[in-house]
Every structure is written in structure tokens, then in C-alpha cells.
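Scroll down for the structure; my scribbles are underneath it.
The values are calculated or read from the model by the stated rules, or taken from the named source; none is laboratory data. In this text the structure is predicted, and so the values were computed from the model without any measurement. For neighbour counting, all protein chains shown are included, and Cβ atoms are generated from backbone atoms with ideal geometry for every residue, glycine included.
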Amino acid sequence: MSEKNRQNDIYACPMQDGQHQRFIENNQVSIIGEIVSEFVFSHEVFGEGFYLVEVRVKRLSESSDCIPVMISERLIDVTQDYRGEFIRVTGQFRSYNRHEEKKNRLVLSVFAREVAFTGEETDKVKTNQIFLDGYICKSPVYRKTPLGREISDMLVAVNRPYGKSDYIPCICWGRNARFTSSFEVGGHVQIWGRIQSREYVKKMEGDLAEKRTAYEVSVSKLEWLG
């Protein structure tokens, strides 16, 4: 595929019915970034293969977030190496539980519904946006850092079709963090923000340690709907 044609190619999922559209609207993600990995096979559903690829999205600062994207082989040619290409992905932030080390680990990725090659990096549009409409499923944990910064951690359940839900970790700052300290489990919230990646060290057996990456929503705006 030529560079010119690649830039103009758009791959989209078929339109969903009204009920599915409602569930799509309560979990919306849009990211623009650079593909920095090859496609890695994840799983297959009714003969349709799904692959993971890493997309690096710049922040306003000099840092960036590497976000895993789950994408269907029917949306893009997964046999190609697109590293270095810039892509726009719209979809949903999804989770599933992976059983390891005798307990479940929450695994998160952006499920792509539509992708398009942008050709180049852009600074004129927001490159990392997410909206969630969901419910508090654990009491928020409010705390202050040693430097006095206010932080609150929340776990939000966002409904999906067929009785499924995605469990999304969210982090709030400052006034928003204080606001969440009164939230009750089961409460209805709407959240706007961005997806961020954060490295941490997981202690293993003995003196072993493993570097891992956590993914969460950094909240810029939230509303309590009761």
C-alpha cells in the first residue's frame, strides 16, 4: 500500500442497532498516536481474529503514554508492519480478568471500532480523549501525597451489551479528588479525561521484581448523577 493511499484509508465497523449504540455512547475513546509495535495475536471470536498493538500518544508535556489497542483483522492488515505510522483510533476502553499467580489481574485495552491513518503527527487536535458513563463499584480511596497533592482512586463499572461490564480504574486530582470522597458504591457518574499509562514494580517471590504497566483514566471533569 502506498503512503498516499494509506493516509486516506479508513476502516470502520458496521453500524450497530439502537440498543448497541446506547452502550457504545456510554464508553467513548478517541486517540491519535504513533504505532510502536507489531500486531500480536490475542484471540478469535467466530473466526474473526483480534490483535494487540501499542500506540504511543503524546501528552502536552514531553512525556507520552503507550496505550494497547485491540483491533480486528477485518479493520486493518495485521500482516503489515506499521511501526512509525500515525493512526487515529475511536472505540471503547475495555477490561477483562486474566487469571495469574492464583488471582485475577485486570487487563485493559482500547477496543477499536474505527481506525484511520493520519499520515503525520498533529498538535492541533486533542489526541487522547475518553468519556465514561458508569457506576462506582468500590468506595473511592482519597489520600494526600507527601507533597500535599490530593488524589483519589476510583473503580467505575461501565455497562456493555449482554449483561457484561468493563471495570475502569480512574484517578482524580485536587478538587475532583475531594469531591469523590463522598461518593457511594452504586452511584451513577459521568467522567471525562484521558487514558494514561504508568509503570510500577511488582514484587514477586523472594527478591524478584517485575516491571509492569498500569492503565487508568486521568479525570479532568466528572459529574455525580446519584
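The residues of the stretch 176-221 that are closer than 20 Å to Leu60 by Cβ, of a type outside the set (Gly, Ala, Ser) and modelled with pLDDT of 95 or more, listed by number, are Asn176, Ile191, Trp192, Arg194, Ile195, Gln196, Tyr215, Glu216, Val217, Val219, Lys221.
Can you find a residue in the stretch 66-85 that is among the hydroxyl-bearing types (Ser, Thr, Tyr) and within 18 Å of Leu155 (Cα to Cα)? Scanning the stretch 66-85, I find no residue that is among the hydroxyl-bearing types (Ser, Thr, Tyr) and within 18 Å of Leu155 (Cα to Cα), so the answer is no.
If you go through the stretch 173-226 and keep only what is aromatic (Phe, Trp, Tyr) and without any contact (Cβ under 8 Å) to a residue 60 or more places away in the chain, you end up with Trp173, Phe179, Phe183, Tyr200, Trp224.
None of Gly226, Gly163 is in contact with a His (Cβ under 9 Å, 6 or more places away or on another chain), modelled with pLDDT under 95 and within 27 Å of Ile24 (Cβ to Cβ) except Gly226. Of the residues Gln92, Gln80, Gln129, the single one that is more than 18 Å from Val29 (Cα to Cα) and polar (S, T, N, Q) is Gln80. Scanning the stretch 60-73 for residues that are touching a residue at least 12 places away in the same chain (Cβ under 8 Å) and over 15 Å from the mean Cα position of the chain (by Cα) yields Ser72, Glu73. Residues in the stretch 162-175 that are out of contact with any helix residue (DSSP H, G or I) (no Cβ under 6 Å at 6 or more places or on another chain) and assigned to a strand (DSSP E or B): 8 in all. I'm checking my understanding of the structure. Among residues of the stretch 86-100 that are touching a residue at least 40 places away in the same chain (Cβ under 8 Å) and of a type in the set (D, E, K, R), which one is surrounded by the most Cβ atoms within 10 Å (Cβ to Cβ)? This residue is Arg94. Looking only at the stretch 176-223, residues that are aromatic (Phe, Trp, Tyr), part of a strand (DSSP E or B) and closer than 13 Å to Ser152 by Cβ come to 0 in all.
To keep it simple, each residue is scored yes or no on (1) in the same structural domain as Val69 (by TED's automatic domain parsing); (2) among the β-branched types (Val, Ile, Thr).
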{"position": "Glu114", "(1), (2)": "yes, no"}
{"position": "Met154", "(1), (2)": "no, no"}
{"position": "Asn159", "(1), (2)": "no, no"}
{"position": "Asp166", "(1), (2)": "no, no"}
{"position": "Cys172", "(1), (2)": "no, no"}
{"position": "Arg178", "(1), (2)": "no, no"}
{"position": "Arg194", "(1), (2)": "no, no"}
{"position": "Tyr200", "(1), (2)": "no, no"}
{"position": "Thr213", "(1), (2)": "no, yes"}
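If I go through the stretch 71-85 residue by residue, how many of them are assigned to a strand (DSSP E or B) and surrounded by fewer than 20 Cβ atoms within 10 Å (Cβ to Cβ)? Result for the stretch 71-85: 1.
Screening Val45, Val78, Val57 for residues that are among the aliphatic types (A, V, I, L, M) and within 24 Å of Val217 (Cβ to Cβ) leaves exactly one candidate, Val57.
Taking Phe50 as the residue in question, decide whether it is in contact with a His (Cβ under 9 Å, 6 or more places away or on another chain), surrounded by 10 or more Cβ atoms within 10 Å (Cβ to Cβ) and either modelled with pLDDT of 95 or more or within 20 Å of Arg94 (Cβ to Cβ) (or both).
yes
Could you please give the count of residues in the stretch 144-160 that are surrounded by 12 or more Cβ atoms within 10 Å (Cβ to Cβ) and either over 16 Å from Gln190 (Cα atoms) or of a type in the set (A, V, I, L, M) (or both)? Qualifying residue count, the stretch 144-160: 7. Condition first: among the charged types (D, E, K, R) and within 19 Å of the chain's Cα centre (by Cα). Now tell me which residues in the stretch 143-176 satisfy that. Correct list: Asp153, Arg160, Lys164, Asp166.
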